[in-house]
Structure formats: C-alpha cells, structure tokens
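Report on the structure given below.
The values are calculated or read from the model by the stated rules, or taken from the named source; none is laboratory data. Bear in mind that the values here come from a model prediction, so they are computed numbers and not experimental data. No Cβ is skipped: glycine too gets one built from the backbone with ideal geometry, and neighbour counts run over all protein chains shown. What goes into the accessible areas is simple: the full protein's heavy atoms, side chains included, and nothing from ligands, DNA or RNA. Shrake-Rupley method; radii C 1.70, N 1.55, O 1.52, S 1.80 Å.
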Amino acid sequence: MTDFPHTWAHRSPRARLALWFGWLCLVALFVYCWQVMTANTIWMFIWDAPRQAADIGNRMFPPRLSYLPELMKPLWDTLNMATLGTLLGVILAVPVAFLAARNTSPSVLILRPIALFIIVASRSINSLIWALLLVAILGPGLLAGIIAIGLRSIGFIGKLLYEAIEETDIRQIEAVTATGASPTQVLNYAIVPQIMPAFWGITVFRWDINIRESAILGLVGAGGLGLKLQASLNTLAWPQVTMILLVILATVVLSEWVSAKVRGAII
C-alpha cells in the first residue's frame, strides 16, 4: 500500500491556535485600553468638534499682517535660543560621546556606562519638560530655553557622534599608532579627522531640529515666538495666531533648506 505524503501546511494546528489566541488577547487588550481612555470622555464635545474647528478656522483668516513687525524680535530670540542651545549641547555632548565610544573611553566598565546613562537621560526628557523645570528654577526667559535646548541636544548629538567614533577605520588608527604616537596624537590625527564630516552634519541637523523646538518653548515661559503664541491664544486673538503659525512655518522651511544645503556641502 502506497503511503501518500502529508499535505504541507504553513503552520501546524497548534501554531494556528496559538496565533488566533494571540490575536484574541490583542483585541481584548485594545478594547480594555479604549474603555480606560474613554471612561471620562464627554462624547457630546467630540461630536461637536468639527463645528468648533470650523468656527475657529473662520476666525483665524485672514491673518493679521499688521502684527508681523511685532514678531521680528521674538523670531530673533527664537533663532538665538536654538543656536546658543545647540552650541551648548555640542560643548557638553562631545566629551560624553568620546567617553561613550568603546574605542576612546578610558574606562569601559565605569565611565562608559555613566556616559551612556547621560545620553539616555537627555533623550528621554522632552525639551518642554526641561524648560518647565528650568523656568521654575531660573525664572522665565531665554536663559531657561537655551539651557533646555542644550540639555536635550546632548543625547541626540552624543549618541550619533559616539556611533560615528566607533565606526572609524581601525587601519588609520593602527597606522598612526605604529609611528609611536601618543594616545592624544592618535585621537587628533587618526580619529578626529574621520568624524569631522559626521560631526558637522549632526550639529547642523540638530540646529534645524532645535529651531522647531525653540519656537514652542515660549508656551512654558522660555521666551521667543512661543510666548507670543501663548499670549495670543489666551486672548483668543485668532488672526494673530495664524500670523505666528505662518512665521514659524516659514522659519522651519528656511532652516530645513539651509540645513540640507550645509549637510550636502559637508557630507
């Protein structure tokens, strides 16, 4: 009697049962989370939201062009906040990056974990949270915004930079080391020249991001365009809000263009 081969199946019955059980658990979790999130929702407001949005949209147009001159100084403050914050972030991130990289850290067991913790902590806390804390400590103003931008930038710059350091060509390092160079000379002549294009690209990219973030830090008292936006929202001056949003949009588009051009020229 001829034995016919078993019919091929992509998954065994047990695997299919486990898959369906997993999907069932996922759906049950979604339903539970939805009930938790919407427990205190007033659905009447939700159904009325399109009408309210249309009403606010009608009030926002046309934008108040006469308000534009008043935005020039806050715009300049926003650009300065982003630039100085990026500079502060670079100054703090560069030593952290060299401590975090395996091939440059003096202590892989002690200093490297500390540097990695600083990078993770910086990336975990949003700029608005940093600004809230610093405004409470230093008071409202640009200084709180600059430091908040700088602290937030450490994680971004430090992570990308230490990865670039670890990816340097070992042959160049060995060649410089073979000449009898000291560790400092190896760092200056073998590692730094390799990471400089990445360093400038990361810095310009972060500056572009910081312009976007600094534009809203004024919402928590850090100055700049966000402060004007908060004041206009509080007084329901919707045409002014539109003008501020247009200025922010134009600034972000221009910074994106400048950032792309600079990074293209460097890299």
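Below is a table of values for the structure above.
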quantity: Of all residues making up the range 32-43, the number that are of a type in the set (V, I, T) and open to solvent by 70 Å² or more (accessible area, probe 1.4 Å); calculated: 2
quantity: Matching option when the condition is surrounded by 15 or more Cβ atoms within 10 Å (Cβ to Cβ) and within 29 Å of W76 (Cα to Cα), among I165, I157; calculated: I157
quantity: Count of the range 95-111 residues which are within 17 Å of A198 (Cβ to Cβ) and surrounded by fewer than 17 Cβ atoms within 10 Å (Cβ to Cβ); calculated: 3
quantity: Single residue of A82, A28 found to be modelled with pLDDT of 90 or more, more than 28 Å from the chain's Cα centre (by Cα) and open to solvent by less than 70 Å² (accessible area, probe 1.4 Å); calculated: A28
quantity: Enumeration of residues in the range 121-146 that are of a type in the set (V, I, T) and open to solvent by less than 80 Å² (accessible area, probe 1.4 Å); calculated: I125, V135, I146
quantity: Unique match (being at pLDDT 90 or above and buried (at least 16 other Cβ atoms within 10 Å of the Cβ)) among I118, I114; calculated: I118
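Residue by residue, here is whether (1) open to solvent by less than 100 Å² (accessible area, probe 1.4 Å); (2) touching a helix residue (DSSP H, G or I) at 6+ places or on another chain (Cβ under 9 Å); (3) at pLDDT below 85 holds:
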site	(1), (2), (3)
F4	no, no, yes
F21	no, no, no
F45	no, yes, yes
A49	yes, no, yes
K73	no, no, no
I91	no, yes, no
